[in-house]
Amino acid sequence: MWSWVAHRVTGVLIFFFLFVHVLDTALVRVSPEDYDKVVSTYKTPIVACLEYGLVAAILFHALNGLRVIAVDFWAKGARYQKQMLWTVVGVWVVLMIGAIYPVLGHAARVVFGS
């Protein structure tokens with residue numbers, strides 16, 4: 001049940017990110033100066049943490065989506081859905097650990113110095 005909730009929540013969060021992304025990208029046509037101001041706020045450590053959260057949401061949503069496809073289209077999928085969920089969580093954790101430096105490395109250097 002919680003994987004169902006997490007799948008829906010991550011889908012909604014990704015949708016809102018895409019909505020904001022389209023709006024801020026469209027701003028470049030209206031006012032390039034305001035676009036530059038908005039983009040400069042994206043270079044803060046707080047936004048880097050939000051980006052890490054976005055990576056977490058996208059990875060979980062994608063991996064869990066593959067699990068849902070396997071449950072729906074594999075004859076034995078329903079029997080192994082719990083094991084597949086734990087596999088998804090394990091792969092997700094490994095990938096999130098691997099994403100720490102690429103996503104948060106610059107923010108850590110800004111906060112703690114080189």
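The values are calculated or read from the model by the stated rules, or taken from the named source; none is laboratory data. Since this is a predicted model, take the numbers as computed values, not measurements. Areas reflect the complete protein model, heavy atoms only, side chains present, ligands, DNA and RNA absent. Shrake-Rupley method; radii C 1.70, N 1.55, O 1.52, S 1.80 Å.
How big is the accessible area of Arg67 in square angstrom, nearest 10, if you roll a 1.4 angstrom probe over the protein chains?
20
Report the full-extension gain for the segment His21 to Ala6: residue separation times 0.36 nm, less the Cα-Cα distance, to one decimal in nm.
Full extension of this stretch gives 3.2 nm more.
Could you please put Glu33, Glu51 in sequence from largest to smallest accessible area, using a 1.4 Å probe?
Sorted descending by solvent-accessible area, the residues read Glu33, Glu51.
On the accessible surface of the chain, probed at 1.4 Å, how many percent belong to carbon and sulfur atoms?
75
Mind checking the angle between helix 32-41 and the chain's longest principal axis? C-alpha axes, 0 to 90 degrees, to the nearest 10.
Value to nearest ten degrees: 60.
Which whole-number percent is the relative contact order of segment 21-114 (Cα, under 8 Å, 6+ apart)?
Over segment 21-114, the number comes to 33 percent.
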